[in-house]
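Structure, as structure tokens:
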Amino acid sequence: MKKFFSLAMALLMCVCLMAGCGQSEEPAEADNPSEPAESSEPSGGDEPAAEGAAFKFGGVGPLTGENAIYGNAVRNGAQIAVDEINEAGGINGYQVDFSFEDDVSDGESSVNAYNNLMDSGMQVLVGPVTTGPALSVSTLVNQDRVFMLTPSASSLDVVTGKDNVFQLCFTDPNQGMGSATYIGTNMPGSKVAVIYRNDDIYSTGIRDTFVAECENQDLEIVYEGTFTGEGASDFSVQLTDAQSAGADVVFLPIYYQPASIIFAQADAMGYEPTFFGVDGMDGILTLKNFDMSLAEGVMVLTPFSADATDERTVNFVTKYSEQFGETPNQFAADGYDCIYALKQAMENAGCTPDMSAEDICDAMIEQFTTMSFDGLTGSGLTWGTDGTVSKMPMAVVIHDGAYVSVENAG
Amino acid sequence: MGKMIKLGKKRSVNLTKTRVVDFSTYLGVVLAFLIVDAMLRGGMLSRSFSGQLIPICCYIVMAVSLNLTVGILGELSLGHAGFMSVGAFSGIVAAMSLQGSIPSEPARLAIALVVGAACAAVAGVIVGVPVLRLRGDYLAIVTLAFGEIIKELINCLIIGHDENGLHVIFNFNSSKTVSDLGLTENGIEIIKGAQGATGTQMISTFTAGFILVMITLVVVLNLVRSRSGRAIMAIRDNRIAAESVGINATKYKMMAFVTSAALAGAAGALYGLNFSNLTSAKFNFNTSILVLVFVVLGGLGNIWGSIIAATVLTILPEALRGFDDYRMLIYAIVLILVMLATNNSRLKALLARPFASLRARAAARPGKEAQ
């Protein structure tokens, strides 16, 4: 019996392994014919457009692991956009083929995911979603001459020195600056406490510019508390210090998981300052087992608010809630906008799927630096040659478990 | 007298036996390299696979070097990624700051590997002196803490280089930024605290990875088969008995531990120079455990087992991408099944049947020697 069991296990193991191998080889083989067309540019244009040819968009982001909410939101948002475009007849008459790979928000996995997509003949990259992986991939993208538009990797380092890498989100300095300006204008004379994660690029990047800009505003920073990723389960020390320093605004340039603990602990100790978050706070409303009443009154700086009444936002929010059963956050909107921005640029440039990734890249760089784009996260978006986007941030308040713009909250 | 001669004879026979295993390990690695390299040049490999070649080399070196500590020395170390981290960041600093003076990339890579190994060896000595007095669980916990300390220290580190040399700031209270380095216009920022090393030139090559694997094998296998290696294994098997025959336990423990740390440092340097961005968070507890999994799966003290386990388990998550959402679940299930299967004595016996006669003879020999 035991012998049979061990044999069965070994067999199962082999099947698993082989299934894995089969899967990995399949796309590589299937796409071999398209590869030469890509690498040899002169002949690339001469290839006849095959029947049912499609643009190959790729996406990279965390679908599992601690940052999974961001990756999933981007994927879902982008998928809605792709479905809409394909239903409406595609880009320049060609369908869009969108595949999204998981990178667990890790640089090495992200490079692997990118290589995997390149094997399957990807022409344009939407991603990576998080900053660290985006830094690793952007260098490769720059060498390979593939166009990259990241929905949410906000560090300046992602785009600097790489002419074919563009961002759809604010840069970290922009967010820190925007938050300080907003608090300085609307809550002048506040005493501000900052709690941030000091081993994270995103968090330290925003904190640095926020603190620098506070000096120009009528704001006093009374306390700065730090934590590291692994220790993110108890903030009572930071909160007590912030309270005793008399802070009435607590600025949180951090992701939503630690923020949820901060809200719960502040509530438990009866400390009720105005919490102010940036785009990483997005996602708190979809966090499982989180008591929404704790987030009541939290302010978030975001370019997207799901309660906006314009037709496109309403349409997007309805579709998203129908398909995925939750209210889309800013990341979903960023993913959606990425696809439409690419569509607009490709239509302007008259791209076709048989063009090589490099030709598309050149056309995209030209379009992105000259065009103006209206999306869910703002209208009249323009890009500089450095790859950063200019758009207006907007503050929203969490009210009854949803974002509402500050004016509507009354 | 007569007994001694007999012993000598047996030992020489034994040595040739282990030599066969050792040389087939070398041969296997060389063959694998030649085949993969030929395929790489012929463009027969997918990007997804060729992109993993250098990380695979790094993980092989990590696994083999950890096997020296865990399998040969018999001490559980949970901070191996810490040494990799030291090697990675010191290697990156070396490679980036020598950019101007040494234009040749392979030369710079070699220097970076040596610097990484040296720095990790120093860290190994610093950790080893107080820590190797501990045993078992205690050692495991202290090495675990070491890995975390290294991570936090590198988070505080801001390093830049210009024509005046290296500029280093320890940013303990997070009050300083890169601008405090006072770099000149031509200066480059190498490590930016929590942001890690960004904008690193990717100079690692597969050939360098292969050479590093070979060096690791030569060092580890020769150490294990040497007089010192037997002393190390004697300490593992019975410390009291080993000390009673005059073996200096601390000395040999240090020897194995520091060698292991130095090799991990070289692997780290190779790894760090393969990615344009690297944060110290990459070398956390999970990475240490991952390497430990390679070692345990390949078999404690089994060098070629470590090589195969490191290779297969690095490729596996990528090969499973076809399963989409269930990828990591299937990875974990495969891991459990492999662990069960490789530890199943009946299955082992079944697989070993063709070699039964060989094994029987091999098994008989140590028995005789014991008598």
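Laboratory data are not the source of any read-out in this text; all were calculated from the coordinates shown. Quantities reported herein were computed from a predicted structural model and do not represent experimental measurements. Don't worry about glycine lacking a Cβ; one is built from the backbone with ideal geometry, like all the others, and counts go over all protein chains shown.
Comparing B:Ser101, B:Ser48, B:Ser65 in a Gaussian network model of chain B (Cα springs below 10 Å), the most mobile by mean-square fluctuation is B:Ser101. The angle between the Cα long axis of helix A:330-349 and the longest principal axis of the Cα atoms of chain A comes to about 40 degrees, rounded to the nearest 10.
For region B:260-347, the calculated P(r), taken from all Cα-Cα distances in 5 Å bins from zero up to the bin holding the longest distance, is 3, 12, 17, 24, 20, 15, 8, 2, 1, 0 percent. Taking square-rooted eigenvalues a ≥ b ≥ c of the alpha carbon gyration tensor, is region A:173-302 rounded, prolate or oblate, where a/c under 1.5 means rounded and, failing that, a/b exceeding b/c means prolate? Since a/c stays below 1.5, the shape of region A:173-302 is classed as rounded. A simple spin-label model places the labels of B:Ala107 and B:Leu34 3.1 nm from each other, with each point 7 Å out along Cα-to-Cβ.
The calculated FRET efficiency for the pair A:Asp310 and A:Asn289, based on their C-beta separation and a Förster distance of 35 Å, comes to about 0.60.
For region B:2-370, what is the charge dipole size about the Cα centre, in debye to the nearest 20, if Lys and Arg each add +1 at the Cβ and Asp and Glu each add -1 at the Cβ?
Numbers: 32 positive and 18 negative charges, 534 e Å.
Around 2560 debye, computed over region B:2-370.
Only lysine pairs 8 or more places apart or on separate chains count here, and in chain B those with Cα atoms under 19 Å apart total 12. Split chain B at each of the trypsin sites (Lys or Arg not before Pro) in a DSSP loop with at most 16 other beta carbon atoms within 10 Å, and the longest piece is B:177-371.
If we count other beta carbons within 10 Å of each Cβ, what is the order of B:Ile188, B:Ile159, fewest first? Present the calculation step by step, with values, prior to reporting the outcome.
Numbers: B:Ile188 15, B:Ile159 24.
Ordered by Cβ neighbours within 10 Å, fewest first: B:Ile188, B:Ile159.
Sites listed here are trypsin sites (Lys or Arg not before Pro) in region A:247-355 whose DSSP assignment is loop and whose Cβ has at most 16 other Cβ atoms within 10 Å: A:Lys288. Of the complete DSSP H runs in chain B, those spanning 18 angstrom or more by Cα along the long axis with a mean Kyte-Doolittle score not below -0.5 are B:2-41, B:53-67, B:80-97, B:105-131, B:137-155, B:206-225, B:249-272, B:285-298, B:303-319, B:327-342. Annotation: the residues A:His399, B:His161, sorted from fewest to most other C-beta atoms within 10 Å of their own C-beta, follow the order A:His399, B:His161. Across chain B, the mean sequence separation of Cα contacts (distance under 8 Å, 6 or more residues apart), normalised by length, yields a relative contact order of 28 percent.
Modelled spin-label separation between B:Ile149 and A:Ala212, with each label point placed 7 Å from Cα along the Cα-to-Cβ direction: 3.4 nm.
Near B:Phe275: Cβ cut-off under 12 Å, other residues only, Lys/Arg at +1 and Asp/Glu at -1. The net charge is -1.
Compared with the dominant principal axis of the Cα atoms in chain A, helix A:68-87 is inclined by about 50°.
Cβ-Cβ distance of A:Asp362 and B:Ile289, R₀ of 60 Å, FRET efficiency by 1/(1 + (r/R0)^6): the value works out to about 0.85.
For chain A, lysine pairs with C-alpha atoms less than 23 angstrom apart, excluding pairs fewer than eight positions apart on the same chain, total 7. Between B:Leu27 and A:Asp163, the FRET efficiency estimated from the beta carbon spacing at R0 = 35 angstrom works out to 0.15.
Which whole-number value in Å³ per residue fits the convex hull of the alpha carbons of the protein assembly as shown? Walk me through the intermediate numbers first.
Details: hull volume 150.6 nm³, N = 781.
Per residue, the Cα convex hull of the protein assembly as shown comes to 193 Å³.
Remark: chain A is approximated by an ellipsoid whose semi-axes, taken from the C-alpha gyration tensor as √(5λ), come to 39, 27, 19 Å, largest first. For the residues of B:313-325, the average number of beta carbons from a partner chain within 10 Å of their own beta carbon is 6. Once each of the GluC sites (Glu not before Pro) sitting in a DSSP loop with at most 11 other beta-carbon atoms within 10 Å is removed, chain A keeps A:216-410 as its longest stretch. Per-peptide packing, taken as the mean over residues of other Cβ atoms within 10 Å, places A:153-163, A:67-77 in the sequence A:67-77, A:153-163 from highest down.
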